[in-house]
Amino acid sequence: MTTEKTHLVVRCPQCGRRGTWLARPHGPFCSERCQLIDMGGWFDERFRISEPLRPDHFREFEELPPEIDPDHPQD
């Protein structure tokens, strides 16, 4: 029996093609082209954050112990 690493099949956010894009360098996009098209949308301001960040958005993080990184939660 062979052991194969299985990867989650997802849709490319740009073109919608399905594949194991998270296992590739441009994941979650299927290619560098789709990644660059998406980045262009941000630069052209077609995509934007819906509202400005306010201090109260971060209140729940103020009491975290210093050893916990909110960007990389522990499992």
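Taken over the range 43-68, the criterion of being over 26 Å from Gln14 (Cα atoms), of a type in the set (Lys, Arg) and assigned to a loop (DSSP other than H, G, I, E, B) is satisfied by Arg54 alone. Counting the residues of the range 30-75 that are closer than 30 Å to Gly19 by Cβ, modelled with pLDDT under 85 and open to solvent by 100 Å² or more (accessible area, probe 1.4 Å) gives 6.
The values are calculated or read from the model by the stated rules, or taken from the named source; none is laboratory data. Note that this is a predicted model, so its numbers are computed, not measured. We place every Cβ from the backbone using ideal geometry, glycine too, and count neighbours over all the protein chains shown. Heads up: the accessible areas ignore ligands, DNA and RNA and are worked out on the full protein's heavy atoms, side chains in. Shrake-Rupley method; radii C 1.70, N 1.55, O 1.52, S 1.80 Å.
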